[in-house]
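Structure record follows, encoded as structure tokens.
The values are calculated or read from the model by the stated rules, or taken from the named source; none is laboratory data. None of these values were measured; they are calculated from a predicted model. In this analysis, Cβ positions are derived from the backbone assuming ideal geometry, glycine residues included, and neighbour counts consider all displayed protein chains. When the accessible area is computed, the model is the full protein with side chains, heavy atoms only, and any ligands, DNA or RNA have been set aside. Shrake-Rupley method; radii C 1.70, N 1.55, O 1.52, S 1.80 Å.
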Amino acid sequence: MGGYQAMEWALMDPDFVQRLFLLATGAAESAWGIAIHTAQRLAIEADNTWKEDRPDAGARGLKAARAIGMLTYRNYQTFMRTQTDTDFTKIDHFKASSYILHQGEKLVKRFNAQSYWLLTKAMDSHNIARGRADRLEDVLATIRQKTLILGITSDILCPPEEQRFLARHMPYSAYYEIDSPYGHDGFLIEFDIIGQILHDWLERSSTDLS
């Protein structure tokens, strides 16, 4: 959502927004992303309390929606590396299950199912060409700000091909790709690498602006 907002702000107020940093995002919500969000909403809607007027309404559904999300924030390799059980006698209470359940419990203590449902709807509607042009490429070509675009190799939620598309059509952009095993969550975990790339780019772009 942050990347989506940044692109909209750059287009709506180009004189105010001078530079952009677009990380693991795209010009429009993908069919893949919409499908994931639909599955998450179905999980919330399956909890018959989700429309009730109380803060914990739809908590069970929100846990299920979070579980779906967690599978897209990471990937096969991450779960195999961190959640594989070494006790081959187990037939229940696996590490991967415990991890997913724990993440669901954490979220329901700080978030609301109705907000989550509406947030996914808002992300589905993201498309910078709406009301502006017939093609995303034409709108991207009008973005005049210097832009740093960064993709993560193992991101299956918003894969690097979406960032490469941005870079191909934004005239003042620089593209970097991080080889990280952490999937979409790499944008949170790889802060040292990302910070260095951003720092170096800011120095170069500041020199160019002057």
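With every protein chain present, what is the per residue accessible area of region 119-210 (1.4 Å probe, Å²)?
Normalised by residue count, the accessible surface of region 119-210 is 53 Å².
Could you go through region 55-64 in sequence order and give the Karplus-derived ³J(HN,Hα) for each residue, using 6.51 cos²θ - 1.76 cosθ + 1.60 with θ = phi - 60°, rounded to whole Hz, and x for Gly and Pro?
Those phi angles translate into x, 9, 4, x, 4, 5, x, 5, 4, 5 Hz.
By how many degrees, 0 to 90 and rounded to 10, does the Cα axis of helix 95-108 deviate from the longest principal axis of the chain?
70
Using heavy-atom solvent-accessible surface (probe 1.4 Å) with all chains present, what is the largest-first order of Phe16, Phe191?
Descending order: Phe16, Phe191.
Can you tell me the length gained on complete extension of the stretch Thr142 to His199, counting 0.36 nm per residue apart and subtracting the Cα distance?
Taking 0.36 nm per residue and subtracting the Cα distance, the gain is 18.0 nm.
Where does the chain land at 222 nm, in deg cm²/dmol rounded to the nearest 500, when only DSSP H runs of n ≥ 4 count, each adding -39500 (n - 2.57), divided by all residues?
-16500 deg cm²/dmol
For the Cα atoms of the chain, what angle does the longest principal axis make with the long axis of helix 113-124, in degrees from 0 to 90, nearest 10?
Between the helix axis and the principal axis of the chain, the angle is about 40 degrees.
With a 1.4 Å probe and every protein chain left in place, work out the accessible area per residue of region 44-118 in Å², rounded to a whole number.
66
Roughly how much of Ser115 is accessible, in Å² to the nearest 10, using a 1.4 Å probe?
Probe radius 1.4 Å; accessible area of Ser115 about 60 Å².
Full-extension gain between Gln83 and Lys109, please, as 0.36 nm times their residue separation minus the C-alpha to C-alpha distance.
Length gained, Gln83 through Lys109: 7.0 nm.
Enumerate by residue number the chymotrypsin sites (Phe, Trp or Tyr not before Pro) in region 133-188 meeting two conditions: DSSP loop (anything except H, G, I, E, B), and at most 16 other Cβ atoms within 10 Å of the site's Cβ.
Answer by residue number: Tyr172.
Charges at C-beta only: +1 for Lys and Arg, -1 for Asp and Glu. How large is the resulting dipole of region 22-161 about its Cα centre, in Debye rounded to 20?
Value, rounded to 20: 360 debye.
Given a 1.4 Å probe and every protein chain left where it sits, what share in percent of the accessible area of region 70-119 is carbon and sulfur?
That share works out to 63 percent.
What trypsin sites (Lys or Arg not before Pro) in region 1-106 are in a loop by DSSP, with at most 10 other Cβ atoms within 10 Å of the Cβ?
Lys90
Roughly what angle does helix 191-209 make with the longest principal axis of the chain, taking Cα atoms, 0 to 90 degrees, to the nearest 10?
Rounded to the nearest ten degrees, it is 20.
Can you work out the FRET efficiency for the pair Arg132 and Ser30, with r the C-beta to C-beta distance and R0 = 22 Å, to the nearest 0.05?
0.70
Counting only protein heavy atoms and a 1.4 Å probe, tell me what percentage of region 13-67's accessible area is made up of carbon and sulfur.
56
Work from the charge dipole of the chain (Cβ charges, +1 for Lys and Arg, -1 for Asp and Glu, about the Cα centre) and give the residue of Ala39, Ile128, Ile152 farthest towards its positive end.
Positive-end residue among those listed: Ala39.
Apply 1/(1 + (r/R0)^6) to the Cβ-Cβ distance of Thr207 and Tyr99, taking R0 = 45 Å, and write down the FRET efficiency to the nearest 0.05.
With R0 = 45 Å, the Cβ-Cβ based efficiency is 0.50.
Cα centroids of region 13-29 and region 132-166: how far apart, whole angstrom?
So the separation of the two Cα centres works out to 9 Å.
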